[in-house]
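**Q** Sharing a structure, written as structure tokens. Questions coming.
The values are calculated or read from the model by the stated rules, or taken from the named source; none is laboratory data. Owing to the predicted nature of the structure, the values given are computational and were not obtained by experimental measurement. Neighbour counts run over all protein chains shown; Cβ positions are idealised from the backbone, glycine included. What goes into the accessible areas is simple: the full protein's heavy atoms, side chains included, and nothing from ligands, DNA or RNA. Shrake-Rupley method; radii C 1.70, N 1.55, O 1.52, S 1.80 Å.
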Amino acid sequence: MEGQFTIQLETFDLTIGYEKLVVLSQLNLQLKKGELVCLMGQNGTGKSTLLRTISGVQKPISGEVKVGDDILNKMNVTDIAQKISLVLTEKPITGNLSVFEIISMGRYPYLGWNVKLASADKEIIERAVEQINLTDLLHKKLYTLSDGQLQKVMIARALVQEGEIMLLDEPTAHLDLNNRVEIMYLLRKLAKDMNKAILIATHELDLALQMADKLWLLDNNKRVLDSIPEDLVLNGSLDTVFGHKGYDLKTGRVAHEMSGEMIKLIGDGHGYLWTKNALERKGYNIGNKGTIEIKVQELKEKFSWTLKKNGNIKNVSTIENLLHSID
Amino acid sequence: MQLQIKNGSHLTMKNRLILGILLPIAVILLLILNISIGSVSIPYSALFESLFTDSIKTSWYNIIWQFRMPKAITATLVGAGLSVCGLQMQTLFRNPLAGPFVLGISSGASMGVALLVLSGSIIGGFVHYLAVGSWVVVIAASLGSFSVLMVVMMVSIRIKDSMSLLIVGLMFGSTTGALVSVLQYFSNAQEIQLFMIWTFGNIGGLNWEEITVMFIIILLGLLMNIILIKPLNALLLGENYARSMGVNIQKNRILIIISTSLLAGSITAFCGPIAFIGMAVPHIVRVIFKTSDHRVLFPASIFVGIIIMLMCDMVAQLPGSEYTLPINAITSLLGAPFVIWIILRKRNIAKSF
């Protein structure tokens, strides 16, 4: 694709913060077309300040932000609106607008005082609605939407604004797992298919690790580490920043205190994985040998377990019964 | 679905009918009804004759053209102006309880009038001939609201968020209210009565000259709303979203304040404080039209505002009697139960807001 991975937004020695408080300093970051970047860091380290600064709401202390070929602070609000669109955590004050009305507001930077949509505008809206699968919701009022639906509507609105850059502040907060994954998939698809440069401030480490092309990791020394997620895992940066307790980042699992006996687990596939999961949660060590032996069998999508303990053999049909039997 | 978007207008067929036909007809009918009611009964035939010719008996002609028409026109201007003000303030401050006077405009005006009327006993009693609606009172009220407004403007240029502006406006309201109390404390009964009568509101005291001035100011304030449709719609998503969609918040906030002060300021100056209309009408309109789009809300608020003001005025006339009740009391007396009924029916005002 032409123009893929060209730089859309770049910061030069950017120092941000408030009058007497430097929040982050000496940032030299690049946001490229077609890239999904997750902005991560502890609470209060400056994610919002950074988003505010690169969206032009707040002036930097020093250094500058370039959007395309323009310097952000010399652009007027309409020019910025045509380049950068936002999805924020704040909710609209009204519930009385329809989904269509909200989405069409994305065209405001291109419309005159009477906010009349031209047919070209309507086509753009239509495309976004189809892309994000909102056709059925189009004439629903805002107050009837679920949090996840509302978030999709706000993303559609941002998409209709047609900026090359999309900045999102915690788009998956307050959502359940299904919606979280769906939203992240959607954003990833927009980055790839529409060639957008997308920056997401988020706390969802697990999703970010799997979806982001890059992480901007705010360390606790007012710097931002800019790298691909895997490198940040392996070099321990993520551990340093978040100081995880009980979560093993390299395996992506919660760590358990292992104090129980050794268990020899035989089997494969999902049955093996989830049995292991349950046993580890109970504190057993799983290995190739042990005084207890468990065999996982799968027959026509039904699982059963054979437990050998002290010479006794027992067959069970659920993991719960299996755990009881071991005790 | 293609059809849905391609033909999508901001007005549904039903709303188009209400806005384009039903409301204008209601306004015209109520205007005629309003003029026909009064302590002197004038037959409709004579009424129409005196509206379009001058061949009718002079006392009826005079009653209609000197008293009833000016009052009806004033009611129309007041209803339209205050409703639009209320709408602007509710959207700007994202607060369903906001009204035309949250910026301290009416408290400023009342302070001006209080200084004029009540300082009589301090400076010397020269103001006893003052009537509500006379130019001296109008100028005092205008100066009062203008001075409060200047301070609010200066604050609004300095501060970034509208919530602080709302609080500052309310603080000014309390301060001027306290000043007025102090003035009342040092005044004699006659002066206090004069001032009280001003606070009752009066839409029947204006002559054609004053109405012309008020008409021009209100027209100006209403016309400004044409350029405020887009920013106010965008503000429904919150200030940060509005800014991200290319709306200059600072500039538009000042335009909104100017428009509101032209409308609410001139109305308060000429007619005294008139409560409730500004706060209630936008809610009624949202319930009728089921939208928050200001392209619909602006014209609809103007129509509904006029209708309610004309009705309130007719009730205040106490048809069949010689008494006229204070209009400021009637607007609240009739309006409050109505809004409570709407809230009970809708259960949750936030949904329709």
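**Q** If I filter the range B:116-123 for residues that are within 16 Å of B:ILE192 (Cα to Cα), modelled with pLDDT of 85 or more and part of a helix (DSSP H, G or I), do I get at least one hit?
**A** Checked against the condition, which is being within 16 Å of B:ILE192 (Cα to Cα), modelled with pLDDT of 85 or more and part of a helix (DSSP H, G or I), the range B:116-123 yields no hits at all.
**Q** Show me the helices (runs of 4 or more DSSP H) entirely contained within the range B:177-247 in which 2 or more residues are facing chain A (nearest Cβ under 9 Å).
**A** B:229-235, B:239-244
**Q** Right, something else. Has the range A:155-167 got any residue that is more than 9 Å from every other protein chain (Cβ to nearest Cβ) and among the acidic types (Asp, Glu)?
**A** The answer is yes; a qualifying residue exists.
**Q** Next question, about the same structure. Pick from B:PHE215, B:PHE146: which is open to solvent by 60 Å² or more (accessible area, probe 1.4 Å), within 19 Å of B:PRO273 (Cα to Cα) and at pLDDT 90 or above?
**A** B:PHE215
**Q** In the range A:299-327, which residue that is polar (S, T, N, Q) and under 18 Å from A:MET262 (Cα atoms) is most open to solvent (accessible area, probe 1.4 Å)?
**A** Here the residue is A:ASN310.
Conditions tested, residue by residue: (1) of a type in the set (Asp, Glu); (2) surrounded by fewer than 23 Cβ atoms within 10 Å (Cβ to Cβ); (3) within 11 Å of the chain's Cα centre (by Cα).
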position	(1), (2), (3)
B:LYS251	no, yes, no
B:LEU262	no, yes, yes
B:ALA269	no, no, no
B:THR291	no, no, no
B:MET314	no, yes, no
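**Q** Being out of contact with any Ser or Thr (no Cβ under 9 Å at 6 or more places or on another chain) and open to solvent by less than 20 Å² (accessible area, probe 1.4 Å) narrows it down to one of A:LEU177, A:LEU187, A:LEU150, A:LEU159, so name that one.
**A** A:LEU187
**Q** Tell me, yes or no, whether the range B:271-291 has at least one residue that is touching a His at 6+ places or on another chain (Cβ under 9 Å) and modelled with pLDDT of 90 or more.
**A** Checking the range B:271-291: not a single residue is touching a His at 6+ places or on another chain (Cβ under 9 Å) and modelled with pLDDT of 90 or more.
**Q** To continue, here is another question. Give the residue that is most open to solvent (accessible area, probe 1.4 Å), with candidates limited to residues of the range A:85-98 that are facing another protein chain (nearest Cβ under 7 Å) and either of a type in the set (Asp, Glu) or touching a residue at least 60 places away in the same chain (Cβ under 8 Å) (or both).
**A** Going through the qualifying residues, I end up with A:GLU90.
**Q** Next question, about the same structure. Looking for whichever is at pLDDT below 95, in a loop (DSSP other than H, G, I, E, B) and in contact with a strand residue (DSSP E or B) (Cβ under 9 Å, 6 or more places away or on another chain) here; the options are A:THR15, A:THR49, A:THR45. Which one fits?
**A** Going through A:THR15, A:THR49, A:THR45 in turn, the sole match is A:THR45.
**Q** Sticking with this one: What's the number of the only condition in (1) under 26 Å from A:GLN210 (Cβ atoms); (2) touching a residue at least 12 places away in the same chain (Cβ under 8 Å); (3) not aliphatic (A, V, I, L, M) that A:LYS276 fails to meet?
**A** (2)
**Q** Another question about this same structure. Quick check, is A:ALA128 surrounded by 20 or more Cβ atoms within 10 Å (Cβ to Cβ) and among the small types (Gly, Ala, Ser)?
**A** Spelling it out, A:ALA128 is indeed surrounded by 20 or more Cβ atoms within 10 Å (Cβ to Cβ) and among the small types (Gly, Ala, Ser).
**Q** Same structure again: Tell me yes or no: at least one residue of the range A:76-97 is at pLDDT 90 or above, assigned to a loop (DSSP other than H, G, I, E, B) and farther than 30 Å from B:ARG286 by Cα.
**A** yes
**Q** Looking at B:ALA46, is it open to solvent by less than 80 Å² (accessible area, probe 1.4 Å), within 30 Å of B:PHE298 (Cα to Cα) and either away from chain A (no Cβ under 14 Å) or not in a helix (DSSP H, G or I) (or both)?
**A** No: the conditions fail for B:ALA46.
**Q** Sort out which residues of the range A:16-58 are farther than 24 Å from A:VAL233 by Cα, open to solvent by 50 Å² or more (accessible area, probe 1.4 Å) and within 14 Å of chain B (Cβ to nearest Cβ), and write them in order of number.
**A** A:TYR18, A:GLU19, A:ARG52, listed by residue number.
**Q** Tell me, yes or no, whether the range A:38-50 has at least one residue that is among the hydroxyl-bearing types (Ser, Thr, Tyr) and more than 27 Å from A:LEU209 (Cα to Cα).
**A** No, the range A:38-50 contains no residue that is among the hydroxyl-bearing types (Ser, Thr, Tyr) and more than 27 Å from A:LEU209 (Cα to Cα).
**Q** Please go through the range B:205-252 and give me each residue that is touching a residue at least 60 places away in the same chain (Cβ under 8 Å) and acidic (Asp, Glu), ordered by number.
**A** B:GLU210, B:GLU239
**Q** When only residues in the range B:49-70 that are at pLDDT below 80 and not in a loop (DSSP other than H, G, I, E, B) count, which is least open to solvent (accessible area, probe 1.4 Å)?
**A** The qualifying residue least open to solvent (accessible area, probe 1.4 Å) is B:SER50.
**Q** Any chance the range A:99-117 includes a residue that's more than 23 Å from B:PHE289 (Cα to Cα), more than 10 Å from chain B (Cβ to nearest Cβ) and in contact (Cβ under 8 Å) with a residue 40 or more places away in the chain?
**A** Checked against the condition, which is being more than 23 Å from B:PHE289 (Cα to Cα), more than 10 Å from chain B (Cβ to nearest Cβ) and in contact (Cβ under 8 Å) with a residue 40 or more places away in the chain, the range A:99-117 yields no hits at all.
**Q** Right, here's the next one. If you check A:ASP13 against the conditions, is it open to solvent by 60 Å² or more (accessible area, probe 1.4 Å), charged (D, E, K, R), over 21 Å from A:LEU218 (Cα atoms) and free of Cβ contacts under 8 Å to residues at least 60 places away in the same chain?
**A** Answer is no for this residue.
**Q** Just a yes or no: is a residue in the range A:76-83 surrounded by 14 or more Cβ atoms within 10 Å (Cβ to Cβ), charged (D, E, K, R), more than 14 Å from chain B (Cβ to nearest Cβ) and touching a strand residue (DSSP E or B) at 6+ places or on another chain (Cβ under 8 Å)?
**A** So far as the range A:76-83 goes, no, none of its residues is surrounded by 14 or more Cβ atoms within 10 Å (Cβ to Cβ), charged (D, E, K, R), more than 14 Å from chain B (Cβ to nearest Cβ) and touching a strand residue (DSSP E or B) at 6+ places or on another chain (Cβ under 8 Å).
Rundown of residues vs (1) closer than 19 Å to B:THR91 by Cβ; (2) open to solvent by 40 Å² or more (accessible area, probe 1.4 Å); (3) at pLDDT below 85, yes/no style:
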position: B:ILE157; (1), (2), (3): no, yes, yes
position: B:ASP161; (1), (2), (3): yes, yes, yes
position: B:SER174; (1), (2), (3): no, yes, no
position: B:LEU179; (1), (2), (3): no, yes, no
position: B:ILE192; (1), (2), (3): no, yes, no
position: B:PHE195; (1), (2), (3): no, no, no
position: B:THR199; (1), (2), (3): no, no, no
